[in-house]
Amino acid sequence: MFGTLKPHSCGMGCDRRHVYATFYCGLCKGLGDHFGTATRALLTYDAVFLALVADGLMVEKGAPDKCRCPMLPVVHRPTVRSDSTAMRYASAMQILLVDQWLADRAEGGGRTAKAIRPLFSGRVETARDLLANLGVSMAEMDGFEHVQARCERLGETDVDEASEPTREALGFAFGKMADLPGVGEEARTEEARAKLRAFGRHLGGAIYLIDALDDLEKDHASGDFNPCLVWSRRRDRLDVSWPRVERAWKRLRDDLSALDELVYGLDLRRHRDLVRSVVVGELRATADAAARKAHAHARLCDERPHSRGGIVARTFSAVVAALVFAWVWLVSLPALAQKSQDGGKDAAGALEKADARAPANWLPELPAPKPAPADEPSTSPSADTEDPPNAGGSKGNDPPRTGGKKGKSDSGSSGSGGCTNPCSHWGSCCKDCTSCKDCKGCDVCNDCCKGCGSCDSCCKGCCK
């Protein structure tokens, strides 16, 4: 799934959005510098996430830079230098991700992917050479699409077996980050490597299971592989398996809980709040939406009639149902008359009892995110992490604002417990500085707004 690892922008402050924007635009510039301008169109949030984790492991953060935006050539955007280790690693991995996407489609019979992939091979070799210069070899991942295809047997392979290759691949990729030049010694220990591999494994499992649940209805209709589908010999067709859907949702919840814990165990010197915003914020919301979509389709299939009898059998069934209905109606007439005389009180009581017997929510809720440790640094940048880019530069780090809409809150972004002077604190982020004096503080908007989308009415635009 491309674009799965995007940040939860509503929980990011203006300063953190600027930091994320420098990596987003820096990776765009890096793709152009290393692989040609056309490859800048391949930029995804997934590679930006890899860049954040890699830079967080470095002793020295990536040097700041500026570049001209290809979408708005008159605008210069703040970036991270494209020749930094994190940018080179992430841009090379982005090319390999695209190649793997094409390989997966080609393995599934896609003619367009089969035709395009050979044309992309030159850039793939350049990406491998770039990684080799960084001391990282991805040779073990060669032919990954064949490994994944061999384990995906339609109607047979279960959830655990189907997701294992993706878990192994991302565990390997994250474990290799410890070999990058410039990584701190504490991140090179066997314990730190194990945490990186575990983080990658759970992330790979979560991505695979979200994709499986989200595509269940489409795969069921097209007959493509999905681990939640089983082959029914009695009906001679693919059916949705309730136990497999529940198993996928359980494993997904376990993966998300593990990521919530592991994000504090990684030896990150910076960007921990941005990494957590991805794996604990947006990824959980995406998982919940995919699970609800899959459960709804599974329930619809479970309730859908499966009779394939002829017209005589269907007519006979309809006649029997009509006779049963008529008999029940005639028998219930005296009772209904008595209840009508009692003013309908018993009927109201029966309805209340029926509601009380209604089953609980069929979709278990995700466990609540774990609170940040007491010694965890605040979300605002400090002297020993990184300084926010110049807010007065190009106004626009618009591309990475994933879902940040006008009027949305940056609650919790200042990290200091109160924004006594929002105008001077946020600078260009304030939409209407003349009315900021009426705002209770940019990081307490949730107390009065009841949600991030209504800040205009109570905070006068301070929480843009």
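Listing for the model above:
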quantity	calculated
Built amide H within the under 5 Å cut-off of Arg237, gap 5+	Ser232
Region 43-190: C-alpha gyration tensor shape, a/c 1.5 cut-off, then a/b vs b/c	oblate
Karplus-derived HN-Hα couplings along region 149-160 (A = 6.51, B = -1.76, C = 1.60, θ = phi - 60°), whole Hz, x at Gly and Pro	5, 5, 8, 8, 9, 4, x, 10, 5, 8, 5, 5
Region 216-285 shape via C-alpha gyration tensor axes, a/c threshold 1.5	prolate
Of Lys218/Lys250; Lys66/Lys114; Lys218/Lys370; Lys195/Lys293; Lys29/Lys370; Lys6/Lys293, those spanning more than 30 Å from alpha-carbon to alpha-carbon	Lys66/Lys114; Lys218/Lys370; Lys195/Lys293; Lys29/Lys370
Shape category assigned to region 106-223 from the gyration tensor of Cα positions, a/c cut at 1.5	oblate
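Only the coordinates and a few stated rules stand behind these numbers; no lab work does. What you are looking at is a predicted structure, and each value in this text was computed from that prediction instead of being measured.
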